[in-house]
Amino acid sequence: MPYRRMDATSRQQITDMQGEMALPRQNGELVFATPWEARAFGLAVALQESGVYEWREFSAALSTEIARVERAGNTSTYYERWLLSLEKLLVANNLVTPSEISDRMASHATHDDHGGGDHEL
């Protein structure tokens, strides 16, 4: 798939997410507690930039995931929800299968050297 640079509208959609979907920030800068969170963010943005999906698709998936885990009383972090949204979107677009995701996560969990545990990409 050819690379396409993120247009100003897409960049604005990402940076302007509000409410529960707003990116964690401190003093205006994005905040990532662990390296896997930054990689998950970067992967979602890179896939959008390359045309795999529109940002509105990802933000809708994230909104749905946030609502689902809150209804269930789940205490997952923002980026755990982000990653689940990304995984579901990639499966829905037939880019990976759930078993491929599970296998990859299991492989990385045994070779984790960045403090990301189960969520290494």
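From most to least packed by mean Cβ count within 10 Å, the peptides 67-75, 97-105, 81-89, 44-52 give 81-89, 44-52, 97-105, 67-75. Assuming 1.002 mPa s and 20 °C, estimate D for region 8-110 with Stokes-Einstein, Rh taken as the Kirkwood radius over Cα pairs, in µm²/s. Estimated via Stokes-Einstein, D reaches 148 µm²/s.
Given R₀ = 22 Å, FRET efficiency for Thr77-Val45 by Cβ-Cβ distance, to 0.05?
Calculated value: 0.75.
Note on Val52 and Thr110: with the Förster distance fixed at 35 Å, the Cβ-Cβ geometry gives a FRET efficiency of about 0.80.
Could you work out the local net charge near Phe32, counting Lys and Arg as +1, Asp and Glu as -1, over the other residues with Cβ closer than 11 Å to its Cβ? Result for the neighbourhood of Phe32: 0.
Rule-based calculations on the coordinates, nothing more; no lab input. The structure displayed is predicted, hence computed values, not measured ones. Note that we place each Cβ from the backbone using ideal geometry, even for glycine, and neighbour counts take in every protein chain shown.
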